[in-house]
Amino acid sequence: MSDSQAAVQNPAHAGGHSPALLHHFADEQQQRDSASLGMWIFLATEVMFFGGLFCAYLIYRLAYFGDFAAASQTLDWRLGGTNTIVLICSSLTVVFAVYAAQQGKRSMLLISLVLTLVFGFAFLGIKGVEYAEKFEKHHVPGASFQFDNVKVPGHADQIANPHHAEIYFALYFIMTGLHALHMIIGIGIFVWLFLMAWKGRLTPEYNTPLEIGGLYWHFVDIVWIYLFPLLYLIDLHK
Amino acid sequence: MAGNVDALYIFLLIVTGLMTLLVFTCVIYFAARYRKQKGVSAEQIEGSTPLEITWSVIPFFVFLAIFMWGAVVYFKGRTPPRDSTEVYVVAKQWMWKLEHAEGQREINELHVPAGKDVKLIMTSQDVIHSFFVPAFRMKQDVLPGRYTMAWFHATKPGRYHLFCAEYCGTQHSGMVGDIVVMEPSQYEAWMGGGSTGPLSASGEKIFAELGCATCHRSDTQGRGPNLQGLFGKPVQLEDGRTVNADENYVRESILDPQAKIVKGFKPVMPTFQGLVSEEQLNALVAYVKSLSNAGPAGAKTASAPQNNPATSKGTQVE
Amino acid sequence: MATPTGQPFERENYLNKHYGVGSWLLTTDHKRIALLYLISITFFFFIGGFFALLIRLELLTPAGDLVQADTYNKLFTMHGQVMVFFFLIPSIPAVLGNFLVPMMIGAKDLAFPRINLLSWYLYIIAGCMMLHCMLTGGVDTGWTFYTPFSTEYSNTKVIEAGLAIFVAGFSSILTGLNFIVTIHRMRAPGMTWSRLPLFIWAHYATSIIQILGTPVIAITLVLVVAERALHLGIFDPKLGGDPLLFQHLFWFYSHPAVYIMILPSMGVVSEVIACFARKRIFGYNFVAISSISIAVFGFLVWAHHMFVAGISVYAALIFSLLSYLVAVPSAVKVFNWTATLYKASIHYEAPMLYAFGFLGLFTIGGLTGLFLAALGINVHVTDTYFVVAHFHYIMVGGALMGYLGGMHFWWPKITGKLYPEGWARLAALIVFVGFNLTFFPQFVLGYLGMPRRYYDYSHMPEFQVLNVLSTAGATILGIGYLLPMMYFLWSMRYGKPAPDNPWNAAGLEWQTQSPPTTFNFEQEPVVTWEAYNYDEIDKAHPEEAHVVG
């Protein structure tokens, strides 16, 4: 990705080819294909990266289902649900942005990118509100963690084991924290894409950065689509 | 045990020796025979699918045979015989604490009779250790927070090395000891001295001190399940599962009572995590076990074989 | 086929095109980055080797007399971490792979040259973190970081070492990513998949593991660091965590990591054997596919490191069976290399001696793997010196022999200079003898029951003889490793200039000048021949003797 960006920023190019083409590629098609394959492979890495966490989560959730359900109930599913909708909308605006770039519709492109950024910030804002609440309630794992006398849903007389709840919150923070980190990186990418678009460098002929930046954004959304039910909706039906 | 492992080992030495010989002979012969010579150039050979299949399939079946033999040996090594002498092992940085079911306690030294099966019920107070007796070809990691099982059958009296085989910190190499195998008669004499009474008896005392008996009564009126005859039997749980009442189940029920609620009971038992030491826990487990042995005075089973229905495969390691 | 010969050192090439520190530290040329890696990993190799020497010296006598127990524990820990994460994993891929992958497929560079440079910087950052960790106290958990020792009980710099390896992991991921994209997208016209050198197939398989395995160890180390810093309970049984989960996650990467080390070495050996036997590799398709199947099956065998760790008997059975499956493609490779020698015309230059050494040591290493995969025997020999000997036969006997063989083979291409052949043959012999003397006694030690990671064996002095043999071997081995470094350095200044194709070898990398120009080829090559077309080469130039023969 950084190579294709560099390509655009480097005007001093000899030869008759497009300024966006790097020396070591034979043609633009090859460059585009390489960039997009590179992103797909990077996403495969990301899948395994989150995969390790999902694996740990599933094992403990199976072992300590009641405690996890009790801990999960302290999350506000409405905030999580809102965030899900926010992210789905942002993915839609990314699709619009790619379409606009391919069609050369400048104002639509710029608006879509701005909207994507707005949704991205909205997501982080809501996440921030949720995190703040965790700190207030001492639900952050560590020395000050408290989870006393919380009932296990569906078992009125059973008290959740605070140690197991702490594992839940540890995984909650690591998983959503890593996801938020990916969101922040994504926002950085989209700010840069917006600047490119503003300068008119995303054209119907050359929009690879937007295409692969979009791929990344969709991936981060999909991770959330899994995180939301796993973390927020445990045993909600009871 | 040692014999089984060694037989397989020798078999493998022969098989791999032959394979090595085959490869090395070919390499050395070809290397000498087809060294560069003037006017002779290499003959290009594309390859041969029948050959490839041959040297994939034949090794595969050889491997399969090794696998099966290895699995049989492993299975035996993991399955303690029914009426074995039991020894509780507590590992800690950096020593072995061993406690016979009959009550004798030892450190870094374990006396066992020759010709008897000895079952080890092991746990760790801190990090992961591994109980390794090379002479018996036996090794099992010892984990904190759960029991792992192992067993051996010593045949010849003598002293044998006991090692910790899982790296456990600064004095890992100092966590060594001896297994002293004695003639049964000598062993009886050794057992005669210094016992404070069987482990299950001290378990009974702890059971009373902690007030367990208030709920776990020997009739059906208690707030907790009746423990008489429980050990080794399947237990119906509240959530519909059935588990086998083995050492790990008893252990977990004491430390994390909410984890598995017996059908028909309420999750009212408090945890004893941090309130009982590993040694006390072992005594309690031994006591609960003794309640399942024939005769009302289950606790007095010092040297009698314990005929608890051997807690089949899954319990050995999980 | 041969390019016009001239005075190689006067021609413009990637080494003399630009001068100055900046031209190296900011280079995006895959060949220069390969050299940056070469210098960095050599540095770490000698650090790791120094630790190994101290370990062997301590074990010369049963009592713990040379260093303190704590120091010894740190030595073997850091020996493992440095050798695995900072030498073996980057060794062939980051040096030879970086240099050769684009050239072998007829590309001007890797697909993402800047990412390539970034991965070197990540490696350097990780290396500095590791060095800092070592200089300020080190770490004593064993390279395996087993919990709960690493998370709750060790008093050493676990967090720093964990983060260093975390960063090094991303360096490895980016290299793998670059290779996969390059191999897919940058092949020259006519360079079909079935014409790829086996070196490329091996690197493709390696990259798959780097891409899919490394992130798992990265996240596992994040969990270890978080657990140690905040006592979350994820791996702590006292808080309801499961220490075995760590082992599963750790070995999910760290078993395939062995293939990251050995597969590229197998690639090198395929090239070398083909060249010095003057033949196409026997069963090209099977050798290529076996690389991929090793990579795939390699992900399914991790729990064979845990047969006595407390997994269920049934899990153990499955993982044992799968471990035998992964042995088949390795065996297939050995048989194919052997068959390649049949009716060959074998030359005995140093790279070929290393390849022979590889064949011997890898065969022993692989076959002893059959012992370890057999459940009944594993119980006895796991965590003893048997395991130590086994994986050194694979990772040092296999991977390092291949690395050295490859370094000799491509040294004329990399530097444009010839190394002294006589010294090189001597070094190959010393390494082979020293290696066997060091590690063969350890198989015996292991079966006799000597546990690994033991600082003091005064409880069992009967093990001393074999330990003395092993230490003696290590001294010889040390000399064997120092020699190539010295004559390689010597040859850079005093070596004879190398022709473009000193071995008369097949492969696109030999069709360009030595050392190559920045973009490797004057014009994009078009491939019309199969890999290893040695019959055509030898027919075309029967008179061209080996310059170094």
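Observations on the model:
- Candidates C:Phe276, C:Phe307: the one that is within 12 Å of chain B (Cβ to nearest Cβ), closer than 27 Å to C:Met352 by Cα and crowded, with 23+ Cβ neighbours inside 10 Å is C:Phe276.
- For region C:170-215, taking the residues that are facing chain A (nearest Cβ under 10 Å) and among the small types (Gly, Ala, Ser), the one that is surrounded by the fewest Cβ atoms within 10 Å (Cβ to Cβ) is identified as C:Ala188.
- Any hit, region C:324-339, residues being more than 7 Å from chain B (Cβ to nearest Cβ), more than 20 Å from B:Ser48 (Cα to Cα) and modelled with pLDDT under 95: yes
- Every condition in (1) in contact with a Phe, Trp or Tyr (Cβ under 9 Å, 6 or more places away or on another chain); (2) within 8 Å of chain C (Cβ to nearest Cβ); (3) outside any strand (DSSP E or B) is met by B:Ser202 except one, and the failing one is (2).
- Meets criteria (in contact with a Cys (Cβ under 7 Å, 6 or more places away or on another chain), farther than 30 Å from B:Ile254 by Cα, surrounded by 14 or more Cβ atoms within 10 Å (Cβ to Cβ) and modelled with pLDDT of 90 or more) for A:Phe119: yes
Quick grid of which residues meet (1) of a type in the set (S, T, N, Q); (2) crowded, with 22+ Cβ neighbours inside 10 Å; (3) without any contact (Cβ under 8 Å) to a residue 60 or more places away in the chain:
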| site | (1), (2), (3) |
| --- | --- |
| C:Ser323 | yes, yes, yes |
| C:Val326 | no, yes, yes |
| C:Ala355 | no, yes, no |
| C:Thr384 | yes, yes, no |
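- Some residue of region C:342-363 being over 29 Å from C:Asn504 (Cα atoms) and of a type in the set (Gly, Ala, Ser): no
- Qualifying residue in region B:89-105 (condition: in contact with a Pro (Cβ under 7 Å, 6 or more places away or on another chain), surrounded by fewer than 22 Cβ atoms within 10 Å (Cβ to Cβ) and within 27 Å of B:Glu183 (Cα to Cα)): yes
- Residues satisfying the criterion are absent from region B:126-143 (criterion: farther than 22 Å from B:Asp6 by Cα, out of contact with any Gly (no Cβ under 9 Å at 6 or more places or on another chain) and at pLDDT below 95).
- Looking across region C:135-168 at every residue that is facing another protein chain (nearest Cβ under 10 Å) and small (Gly, Ala, Ser), the one that is farthest from C:Ala303 (Cα to Cα) is identified as C:Ser154.
- Among the residues of region A:61-105, those identified as buried (at least 20 other Cβ atoms within 10 Å of the Cβ) and aromatic (Phe, Trp, Tyr) are A:Tyr64, A:Phe68.
- Region C:143-191: number of residues that are without any contact (Cβ under 8 Å) to a residue 12 or more places away in the chain and under 26 Å from C:Ala34 (Cα atoms): 1
- As for region C:481-489, it holds at least one residue that is over 30 Å from C:Thr384 (Cβ atoms), touching a Pro at 6+ places or on another chain (Cβ under 8 Å) and in contact (Cβ under 8 Å) with a residue 40 or more places away in the chain.
- Figure legend. Inter-residue proximity from region C:87-100: first residues farther than 14 Å from C:Tyr204 by Cα, second residues in a helix (DSSP H, G or I) and among the basic types (Lys, Arg), beta-carbon distance below 9 Å, spacing 6+ or different chains. Indicated pairs: C:Phe99/C:Lys31; C:Phe99/C:Lys413.
- Residue match in region C:23-31 (condition: crowded, with 21+ Cβ neighbours inside 10 Å, among the charged types (D, E, K, R) and within 14 Å of chain B (Cβ to nearest Cβ)): no
- Cβ-Cβ under 7 Å pairs, at least 6 apart or on other chains, region B:17-28 side at the interface with chain C (Cβ under 7 Å from one of its Cβ atoms), far side surrounded by 11 or more Cβ atoms within 10 Å (Cβ to Cβ) and of a type in the set (A, V, I, L, M): B:Met19/C:Leu367; B:Thr20/C:Ile364; B:Thr20/C:Leu367; B:Val23/C:Val334; B:Val27/C:Leu341; B:Val27/C:Leu359
- Residue in region B:117-134 that is touching a Lys or Arg at 6+ places or on another chain (Cβ under 7 Å), of a type outside the set (D, E, K, R), at the interface with chain C (Cβ under 7 Å from one of its Cβ atoms) and closer than 23 Å to C:Gly449 by Cα present: yes
- Any chance B:Asp141 is within 11 Å of chain C (Cβ to nearest Cβ), among the charged types (D, E, K, R) and buried (at least 24 other Cβ atoms within 10 Å of the Cβ): yes
- Note on region A:105-153: residues that are within 14 Å of chain C (Cβ to nearest Cβ) and either polar (S, T, N, Q) or more than 30 Å from A:Gly66 (Cβ to Cβ) (or both) total 1.
- Selection from region C:374-433 of residues that are more than 14 Å from chain B (Cβ to nearest Cβ) and polar (S, T, N, Q): C:Thr415
The values are calculated or read from the model by the stated rules, or taken from the named source; none is laboratory data. This is a predicted model, so every value here is computed, not measured. In this analysis, Cβ positions are derived from the backbone assuming ideal geometry, glycine residues included, and neighbour counts consider all displayed protein chains.
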